[in-house]
Amino acid sequence: MEKMSVLISVPRPLRDLILTDKALAQLRGFANVTMNEDGHDWTATELAGQLPGATALITGWGVPTLSEDVLARADRLRLIAHAAGSVKGFVTDAVFARGIAVTHAAGRIAESVAEYTLLAAMMGLRRLHDFDRQMKNGEKWPPSRELPRYEIAGKKVGLLGMGYVGRRTARLFQAVGAEVWAFDPYLTPEQAKELGVRKAEMHELIRECLIVSDHLPVTDETHHLIGAKELALLQDGAVFVNSARAWTIDQEALVQELSTGRFWAALDVFDPEPLPLDHPLRKMDNVLLTPHVAGINRDALQGLMATMIDEIERFHKGEPLKYRVTREMLARMA
């Protein structure tokens, strides 16, 4: 079979973090590879100049918008494989109008975010970090037994949003014996049954589930969808996790509700980012803060390119893409 011509727009040093020798050898087994050796993200003009002859393009963070002007010289391009998250910021109608297939590694990032969510939820249930802090502060032995602590098996877990991350998170919670509820207007009853989750309305889910985790996408409909009214529905002693985007939460209302101390939260995303040093969230003992790292670790980073190389190989063999993005899907994606 004739080899493809694959262009990798990702420059060093990022490329060294996400492209392993093993993955590159796999790619070279079925493709002639050209890489960005300019040491910076290509501008739209620079990328356009590299596209002639390329049948597949691997992109990453920093890729310019793929407008009609950029694609005008893409004489053979048939596939765009994004070795990062959402393609929404740079894929345009011009891509689909040209019949170019699009795939992305959001599904691989989702694995890491789902794992973070399970870990954060269990931290909230068991409060290990609070005991650690008490012991290091020299508090009496044993430390306070008044902290609410629970096992996860049998608990109701509510997931807001059932995209890539929500579905993988559901699988992990089910594996440890939790009962998963799901809110997603696009989730059909048949899909819910297949996933083994209980489809619920948002307010019912927030009120009934001890653990509530946000996986909503950034769309016009989701802006501040979780506000003061919704947060007030959380149970006393509940665990709230946000590893999606701050866009979906009214952060001022969240701070106000957390200040009562009646529930616990793990937050990976904020408005703004970085979170200001004097922000009240930094002073709350009932909040676990992480700096937007839920989807980032060495395995996840290397998995981005490996996942896309697998996708390109499937495409080369005429097999269906596992993570294909259609024009219709793009409208409601993060």
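Note on ASN137 and GLU201: their simple-model spin labels are 4.2 nm apart, each label 7 Å out from Cα toward Cβ.
What does the charge count near ALA253 come to, summing +1 for each Lys or Arg and -1 for each Asp or Glu among other residues with Cβ under 15 Å from its Cβ? Residues close to ALA253 contribute a combined charge of -4. Please determine, in degrees from 0 to 90 and to the nearest 10, the orientation of helix 298-316 with respect to the longest principal axis defined by the Cα atoms of the chain, where the helix direction is its Cα long axis. It is inclined by approximately 40 degrees. Within the listed set GLY53, GLY295, GLY39, the residue fluctuating most in the Gaussian network model of the chain (springs between alpha-carbon atoms under 10 angstrom) is GLY39.
Distance between the pseudo-spin-label points of GLU194 and THR20 (7 Å out from Cα toward the beta carbon): 3.0 nm. The relative contact order of the range 93-197, computed from alpha carbon pairs under 8 Å that lie at least 6 residues apart in sequence, is 27 percent. Calculated mean residue ellipticity, 222 nm, the chain: -10000 deg cm²/dmol, from DSSP H runs (n ≥ 4) at -39500 (n - 2.57) each, averaged per residue and rounded to 500. For the chain, find the longest principal axis of its Cα atoms and tell me its angle to the long axis of helix 164-175, 0 to 90°, nearest 10. It works out to around 50 degrees.
The structure-derived value of P(r) over Cα pairs in 10 Å bins from 0, in percent appears in the list [x] 5, 26, 34, 24, 8, 2, 0, 0; [y] 6, 29, 37, 22, 5, 0; [z] 5, 24, 29, 22, 14, 5, 1, 0 under the label [z]. The range 291-306 and the range 69-104 have Cα centres separated by 23 Å. Label positions at GLN256 and LYS317, each projected 7 Å from the Cα along the C-beta direction, are separated by 5.6 nm.
With neighbours defined as other Cβ atoms within 10 Å of a residue's Cβ, the residues TYR164, TYR323, TYR150 order from fewest to most as TYR150, TYR323, TYR164. Pairs of alpha carbons in the range 178-224 separated by more than 15 Å make up 47% of all such pairs.
Note the full-extension length gain between GLU151 and ILE296 as 0.36 nm times their separation in residues minus their Cα-Cα distance, in nm to one decimal.
On the way: separation 145, 0.36 × 145 = 52.20 nm, distance 2.70 nm.
Full extension of this stretch gives 49.5 nm more.
The angle separating the long axis of helix 106-126 from the principal Cα axis of greatest extent in the chain is about 10 degrees. Length gained on full extension, LYS88 to GLU37: 15.8 nm, using 0.36 nm per residue less the C-alpha separation. Relative contact order of the chain: 18 percent, from C-alpha pairs under 8 Å at least 6 residues apart in sequence. Working from Cα pairs under 8 Å separated by at least six residues, relative contact order for the range 109-289 is 19 percent.
Values quoted throughout were computed directly from the atomic coordinates according to the rules given, and no laboratory measurement underlies them. Here the structure is a predicted model, which means the values were calculated and not measured. Note that we place each Cβ from the backbone using ideal geometry, even for glycine, and neighbour counts take in every protein chain shown.
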